[in-house]
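Encoded as structure tokens, the structure appears first; notes follow it.
The values are calculated or read from the model by the stated rules, or taken from the named source; none is laboratory data. Treat the numbers as computed from the prediction; the structure is a model and nothing was measured. Methodologically, a virtual Cβ is constructed for each residue, glycine included, from the backbone with ideal geometry; neighbour enumeration extends over all protein chains shown.
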Amino acid sequence: YIFMQIYGWYHWVYGDKERKSLPVSRLSHQQSRLWGLVAVVGTAGWGYFMINNTDASFPYADAFIVVLSLIAQWFLARKILESWVLWIIVDVVAVYVYFSKELYPTSILYIVFFFLAIKGLLEWKTSFKKQAPVPGHVA
């Protein structure tokens, strides 16, 4: 995650050639379908790997958390609004998984993350609505 955070910081500060900072953007329907497919295939592949190489009690749920977290972090680095929706989904699944494993402090941490993700989503929605449209900007 650290490399994506550095990448994200750079793009938030410097944006691209036309702008000084990166605006909040949205995925197109086509991009949403593509990333949904990446999430399904990634979760299936990583879950299969975990079943065959670890003793994970929730291999597919763990794989889902990892894959969606990586996608959400990539979206966050690009200031894509849907990142917060993915983080909310990750947090809900993680609370269930960690609570089921009796990892209560970790469950509480993900409950906090859940509320922070809701706050982030609301703030970015407001920012997205206020900003002027950027011609030709693709997330």
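Side notes on the structure shown:
- Test: residue in the range 72-88 that is at pLDDT 95 or above and more than 11 Å from the chain's Cα centre (by Cα): no
- Of the helices (runs of 4 or more DSSP H) that lie entirely inside the range 1-82, those containing 1 or more residues that are basic (K, R) span 29-53.
- Restricting A72, A94 to those that are more than 16 Å from W35 (Cα to Cα), surrounded by 20 or more Cβ atoms within 10 Å (Cβ to Cβ), touching a Ser or Thr at 6+ places or on another chain (Cβ under 9 Å) and without any contact (Cβ under 8 Å) to a residue 60 or more places away in the chain reduces the list to A94.
- The residues of the range 54-69 that are among the hydrophobic types (A, V, I, L, M, F, W, C) and modelled with pLDDT under 95 amount to a single one, A56.
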